[in-house]
1. So what is the relative contact order of the chain, in percent, for Cα pairs below 8 Å that sit 6 or more residues apart?
2. Which of the pairs Lys118/Lys322; Lys148/Lys275; Lys21/Lys78; Lys21/Lys290 have their Cα atoms more than 29 Å apart in this structure?
3. Assuming a viscosity of 0.890 mPa s and a temperature of 25 °C, what translational diffusion coefficient in µm² per second does Stokes-Einstein assign to the stretch 2-197, Rh being the Kirkwood radius over Cα pairs?
4. Using a Gaussian network model of the chain whose springs link C-alpha atoms within less than 10 Å, name the residue from Ala307, Ala156, Ala188 with the highest mean-square fluctuation.
5. How would Met161, Met167 line up from fewest to most surrounding beta-carbon atoms within 10 angstrom?
6. To the nearest 0.05, what FRET efficiency results for Ala175 and Asp247 with a Förster distance of 45 Å applied to their C-beta separation?
7. Report, in degrees rounded to the nearest 10, the 0 to 90 angle that the Cα long axis of helix 55-69 makes with the longest principal axis of the chain.
8. What's the angle, to the nearest 10 degrees (0 to 90), between helix 188-197's Cα axis and the longest principal axis of the chain?
Amino acid sequence: MIVIADDITGAAEIAGVAFSKGQEVRLVCGGEESSCGTAMNGTTVIATDTRSMSEAEAAAETRHITSAFIHHTSYIFKKTDSALRGHVVAELTALMESTSYQRAIYLPANPTKGRVIKNGVYYIDNVPIHETAFSYDPEFPAKTSVLKERFPDAEASGIIMPDAESMDDIRNIIAQYNDGHTLFAGAADLFSALLTNQGNKPHNSTSTSRASSLSDTLILCGSTQSKPLDIGIPIAPMPREIYDGNDDISLWNTSAYEELHSLILTMPFSHRTGKEAAVHLRTMMARKAKELIVEHCPSYLIIEGGATAWATLQALGWTQFKIERQIAPGVVQMSATIARHTSTCGSKKRVMVTLKPGSYPWGLML
C-alpha cells in the first residue's frame, strides 16, 4: 500500500497506525522514484509537504508522485488533515486523474479525538471548527465549519463528503464504498478502519510510552496551536525581532542548552499570518535547530508541527526513516537513516526523531 500525506507529521501519524497494525512501514520525504519504486511488503508512506505549496504546485506534485509509483501498488490512501487544512480538492482531483479511481471519499473526521462531521458541519469537541483556534491558522484559516462551503468544488469533482460521528459510521462508509473504484482520503481513524477491514493484526512490538527521558533532547514547538510546556527543561523563545522578519538567528539566545543538555524552542507570538510569515517562521526554526544539532548532537529530536518538521528535516538532509514505535495515537518515534557523507552529528549514526501534529495535545506523549 502507498499512502500520500500532505505534511510530514500526518505521514508519521499514518505510519504509526500501520506499524501498530503489524505492517512493515517506511516513511520517505518526497516522491522520487528511487524512494518509492522499490517493492516491499507493507506500507510506504510518502510525505510531500504539498500543504505548504500553492494549489497549482500541490496538484502538480501529486501528479508527479503518482506517476513515480503507480506501477508498484494496487492501493492508494490519501492522508488529509483532520482540521480541514490543505489543498484537498486540487490534490484529490489530480490523484483521480492520474489513476483509475472514479470517485473519492473525503472523510477528515477523527471521532476518537472528538472531531466529527454532523449534518455537513465539522466539529471539534462539539465546537464548530470556525469557532476554534483553527480560525487563526496562518495559511488555512477556518472561516466556515460547513464542508460544502469550505470545499465548494468538491461535489462537481467527484468527491463525496459524508457525515461521521463515530467509528461505526466510518466502518459503514467503508462497507458502502469499498468497491475498488473509490479513492479513500481522510484522517487516521479512516485509515485505521481500512486496515482493520483488510484483516491486519496488531504488531507484537508496538509500545506506547514516554517519547524519551527528556535528557539529551531538543524539542521544537513550531505550531501556531502550540501550548506552553513546563516539563523541567529550559525554554528558548524566538525573539520578537526574528518573529517580525529579521533573519539573523544569532539573535536567538540558546545558551540555556548547556544547563541540562536539553532545550525547547518556541514561538511565543501569534499575530503574524499569511504564507510569507509562515515560511519565514518555519525557516528560522529549522535553521536554529540545525545549528544546535550540529553543535550538540542530541539523541532525541522532538518536533511539533508538520511544516516545521519538514523544514527542519530538509535542512538536515534526513529523508528516510524507519518506524520504531508508536508512542501514542498520532505520535511516532522513528530512527533517521543518515548517510555518512550527510551526517550532521559526526560519527553518530542513529538519531531518534519524534513527530507530533501541531493540533494534538502534548499530554499524548509527555
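1. 20 percent
2. Check vs 29 Å cut-off fails for Lys118/Lys322; Lys21/Lys290.
3. After rounding, the answer is 147 µm²/s.
4. Ala156
5. Met167, Met161
6. 0.30
7. On a 0 to 90 degree scale, this one is about 80.
8. 50 degrees
Throughout, read-outs are computed from the coordinates displayed, never taken from laboratory work. Keep in mind that what you see is a predicted model, and the values were worked out from it rather than measured. Positions of Cβ are generated from backbone atoms using ideal geometry, with glycine treated the same way; all protein chains shown enter the neighbour counts.
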